[in-house]
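Before any comments, here is the structure.
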Amino acid sequence: MTNLILGLLIAASCCTLWQLMATAFINNSWEINKQATAKGILESSRWTLVSVLYEELIFRGALLYIAIKKLGAVKACILSAVCFGIYHWFSYNVFGNPLMMVITFIMTAIVGLSWAFAFAKTGSLYLPIGLHLGWNLFSIVVFSNGNFGQAILVKANENQLQGLLSWFVFLFQVLAPPLITFWYLKWLSDKQAVLLDKEQQSQTTILQ
């Protein structure tokens, strides 16, 4: 359960920072959507939760679990990430548009790889669900990026990032969440190794 909460916090923080960066460098800002309704927010939240659980149970809970048994963790995680990227060609309705297919694959496969390793390293769906739900919930329900249109916050105007700043913010969106996830997994692994070493030393002392 700790990993679920931590995943939510990591993803929500990254998503919030990404969206703030998208408006901070230009004459734009976020404001409360006065047209938003409680019913609409609840419906988009429900849809987000259901879609996240569906994807996690399929890609991490079932397919990845089986693939790890057959191929080993590393190959299975890579395969899972590739399948996750290809799946989003269809869920994002970009199949047939080569440029958007490449961009979509890169974005979703990289984050899918980090979520796959989150499952493989922890042996649980708590962390990948937390990461996935935190990102989608804030992106769709808070910052109005999704099929449900405007939600809690909306941009004050139509100004968009251009040039190098646009690429910088895009790369942050793509790389920041996976890198933080991989860092956390390494920290978790190091912590477990230290605890195991202390336990072995304690057992050795008792035997002596």
Quiz item: Looking at segment 24-37, which of its residues are within 21 Å of GLN162 (Cα to Cα) and either in contact with a Phe, Trp or Tyr (Cβ under 6 Å, 6 or more places away or on another chain) or not in a helix (DSSP H, G or I) (or both)?
Solution: PHE25, ILE26, ASN27, ASN28, SER29, TRP30
Practice problem: Can you confirm whether segment 136-147 contains a residue that is touching a Gly at 6+ places or on another chain (Cβ under 6 Å) and either surrounded by 16 or more Cβ atoms within 10 Å (Cβ to Cβ) or modelled with pLDDT of 95 or more (or both)? | Solution: yes
Quiz item: How many residues does segment 130-184 hold that are aromatic (Phe, Trp, Tyr), in contact (Cβ under 8 Å) with a residue 40 or more places away in the chain and within 24 Å of ALA118 (Cα to Cα)?
Solution: 5
Practice problem: Could you check how many residues of segment 85-125 are surrounded by 20 or more Cβ atoms within 10 Å (Cβ to Cβ) and farther than 27 Å from ALA22 by Cα? | Solution: 6
Quiz item: Within the group GLY61, GLY40, GLY85, which residue is touching a residue at least 24 places away in the same chain (Cβ under 8 Å), part of a helix (DSSP H, G or I) and in contact with a Ser or Thr (Cβ under 6 Å, 6 or more places away or on another chain)?
Solution: GLY85
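Restricting attention to segment 34-56, does a residue exist that is in contact with a strand residue (DSSP E or B) (Cβ under 6 Å, 6 or more places away or on another chain), surrounded by 13 or more Cβ atoms within 10 Å (Cβ to Cβ) and more than 23 Å from PHE117 (Cα to Cα)? Even if it seems obvious, please write down each step before you answer.
Here is the first cut: in segment 34-56, the ones in contact with a strand residue (DSSP E or B) (Cβ under 6 Å, 6 or more places away or on another chain) are none.
No, segment 34-56 contains no residue that is in contact with a strand residue (DSSP E or B) (Cβ under 6 Å, 6 or more places away or on another chain), surrounded by 13 or more Cβ atoms within 10 Å (Cβ to Cβ) and more than 23 Å from PHE117 (Cα to Cα).
The values are calculated or read from the model by the stated rules, or taken from the named source; none is laboratory data. Not measured: the values here are computed from a predicted model. Cβ atoms come from the backbone with ideal geometry, glycine included; neighbour counts cover every protein chain shown.
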